[in-house]
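> Got a structure for you, written out below as structure tokens; questions coming shortly.
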Amino acid sequence: MYKSLEKLCEMEKETGKPFWKIVQEDDCRERGVAEEESFAQMHAMYTAMREADADYDEERRSASGLVGTEAKKMRLARESKNLLCGDFIGKVMEKALRTSESNACMKRIVAAPTAGSCGVVPAVLISLQEEKGFTEEQMTEALYVTAGIGGVIASRAFLAGAAGGCQAEIGSASAMAAGGAVYLLGGDARQIANAAALALKNLLGLACDPVAGLVEVPCVKRNVMGAVNAMTSADLTMAGIMSRIPPDEVIDAMRSIGRCMHEDLRETGKGGLAGTPTGVKIREQMAGM
């Protein structure tokens, strides 16, 4: 697994191979599988993402009753043309809700990179495929790009909220999605890494503060923020706007911030929103159920 986005950029320049292919070859070496098997497995994961989106139940709520049906509300608002963000971003928001709500309702999802951030990458990639008509092969290649970014973040910092706060979950997912989007839009490795840096920078310091310890509030709605942030980071990059801080240094900054966070802000369900009067009340109600 690569430990540097800079190294991936250098590899693309040295070999002439695209970002996704370098990641795939590394996966094959690491797991001892053929390229065809690796590609089939990655395509299966993308298919599972699309199935999770398609299988969303608009009437189903989580066991706690805290989340569910929000994606339906977003769909209705989008169809009524009441969204300031417009129809396309509305679709991205809706899909982020669909997948993350499905997770809370114990349906099948792909952790990308975690269950709590599972709605970000699918929302961005599936929406782009539907909007632009990308092939299944191109989408699978984009998923390799997201995986490569996630692998670097995992090796340099962390992906779990318990280790680094929600910046490590939603932040990483947003960085991964931004890079995948830029790949689909024709960006090279430098642009892919830049989009990841911009997305992660925007979410540095984000606490992991699940109310009642459940991956529901505020997690589900943060998936929406992460997905939209990924789209804006991709647009910034394709417009030629670059991060002043190198991508690897942004990841290192995330690690440093995570280590400085009090444990109450790292998935314990004690601090932040979980520690508000309402958050405490919900926790007590859940404990009495």
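The values are calculated or read from the model by the stated rules, or taken from the named source; none is laboratory data. None of the values given here were measured: they were computed from a predicted structure. Note: ideal-geometry Cβ built from the backbone for every residue, glycine included; neighbour counts use all protein chains shown.
> Please enumerate the residues belonging to region 151-188 that are in contact with a Ser or Thr (Cβ under 6 Å, 6 or more places away or on another chain), in a helix (DSSP H, G or I) and over 18 Å from A96 (Cα atoms).
I153, V182
> Being in contact (Cβ under 8 Å) with a residue 12 or more places away in the chain, assigned to a loop (DSSP other than H, G, I, E, B) and of a type in the set (A, V, I, L, M, F, W, C) is the requirement here; does A142 meet it?
no
> Find the residue count for region 215-257, including only residues that are in contact (Cβ under 8 Å) with a residue 24 or more places away in the chain, assigned to a helix (DSSP H, G or I), farther than 30 Å from G65 by Cβ and not hydroxyl-bearing (S, T, Y).
13
> Just one of (1) within 23 Å of the chain's Cα centre (by Cα); (2) on the phi < 0 side of the Ramachandran plot trips up E35, so point out which.
All conditions are met except number (1).
> When the residues of region 258-281 are filtered to those that are assigned to a helix (DSSP H, G or I) and buried (at least 18 other Cβ atoms within 10 Å of the Cβ), which remaining residue is farthest from the chain's Cα centre (by Cα)?
Residues of region 258-281 that are assigned to a helix (DSSP H, G or I), as a first pass: 258-260, 263-265, 272-275, 277-281.
Applying the additional criterion that residues be buried (at least 18 other Cβ atoms within 10 Å of the Cβ) yields 258, 265, 272, 274, 279.
Details: G258: 18, L265: 20, G272: 22, A274: 22, G279: 25 Å.
If we take residues in region 258-281 being assigned to a helix (DSSP H, G or I) and buried (at least 18 other Cβ atoms within 10 Å of the Cβ), then G279 is farthest from the chain's Cα centre (by Cα).
> Which of the residues spanning region 45-67 are under 22 Å from S127 (Cα atoms) and of a type in the set (V, I, T)?
Residue satisfying the conditions is T47 alone.
> Within the bounds of region 75-93, is there any residue that is of a type outside the set (A, V, I, L, M, F, W, C) and either in contact with a strand residue (DSSP E or B) (Cβ under 7 Å, 6 or more places away or on another chain) or in contact (Cβ under 8 Å) with a residue 24 or more places away in the chain (or both)?
Yes, region 75-93 contains a residue that is of a type outside the set (A, V, I, L, M, F, W, C) and either in contact with a strand residue (DSSP E or B) (Cβ under 7 Å, 6 or more places away or on another chain) or in contact (Cβ under 8 Å) with a residue 24 or more places away in the chain (or both).
> Further question on the same structure: Any residue in region 77-87 that is within 25 Å of A227 (Cα to Cα), crowded, with 19+ Cβ neighbours inside 10 Å, modelled with pLDDT of 95 or more and of a type in the set (S, T, Y)?
Looking for residues that are within 25 Å of A227 (Cα to Cα), crowded, with 19+ Cβ neighbours inside 10 Å, modelled with pLDDT of 95 or more and of a type in the set (S, T, Y), one finds none in region 77-87, hence no.
> Tell me, yes or no, whether region 146-159 has at least one residue that is surrounded by 21 or more Cβ atoms within 10 Å (Cβ to Cβ), among the small types (G, A, S) and touching a Leu at 6+ places or on another chain (Cβ under 8 Å).
Yes - at least one qualifying residue is present in region 146-159.
> Need a quick list: helices (runs of 4 or more DSSP H) entirely within region 1-93 having at least 3 residues that are among the basic types (K, R).
Here the list reads 19-31, 70-79.
> Next question, about the same structure. So, C219, is that one within 19 Å of G161 (Cα to Cα), loosely packed, with under 14 Cβ neighbours inside 10 Å and out of contact with any Phe, Trp or Tyr (no Cβ under 7 Å at 6 or more places or on another chain) or not?
No, not satisfied.
> Further question: Name the residues in region 133-177 that are acidic (D, E) and under 13 Å from the mean Cα position of the chain (by Cα), would you?
At the first step, the residues of region 133-177 found to be acidic (D, E) are 136-137, 141, 169.
Result: E169, single match.
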